[in-house]
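Since the structure comes first, as structure tokens, the remarks are kept for the end.
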Amino acid sequence: HKSWKTAKSDDAISDELSIYLRSPVGRLNENPLKIWNDLKIQLPKLHTIAYKYLTVVGTSVPSERLFSKAAQIVN
């Protein structure tokens with residue numbers, strides 16, 4: 001049962017990916033989050049993946065904190 005469910009999920013992502021790759025390309029000046037919000041109903045699984053990676057923190061603070069902690073551990 002579990003393998004059937006996984007295969008079904010993989011097929012859904014493949015179908016969504018095929019639809020997405022056939023769709024027209026968005027313009028560079030458009031907000032990608034708005035584009036994916038518009039595609040949410042048509043491509044729900046890809047929408048989830050896109051939001052996961054498009055909302056990455058645009059700052060170096062987390063990595064700087066990590067290096068600071070590493071320096072404290074080494075000392």
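Search the stretch 55-75 for residues being open to solvent by 80 Å² or more (accessible area, probe 1.4 Å) and of a type outside the set (Val, Ile, Thr), and hand back the single one that is modelled with the lowest pLDDT.
ASN75
If a residue must be modelled with pLDDT of 90 or more and of a type in the set (Gly, Ala, Ser), how many such residues does the stretch 19-49 contain?
Counting residues in the stretch 19-49 that are modelled with pLDDT of 90 or more and of a type in the set (Gly, Ala, Ser) gives 0.
The values are calculated or read from the model by the stated rules, or taken from the named source; none is laboratory data. From a predicted model like this one, the values you see are computed outputs, not experimental measurements. For accessibility, only protein heavy atoms count, side chains too; no ligands or nucleic acids. Shrake-Rupley method; radii C 1.70, N 1.55, O 1.52, S 1.80 Å.
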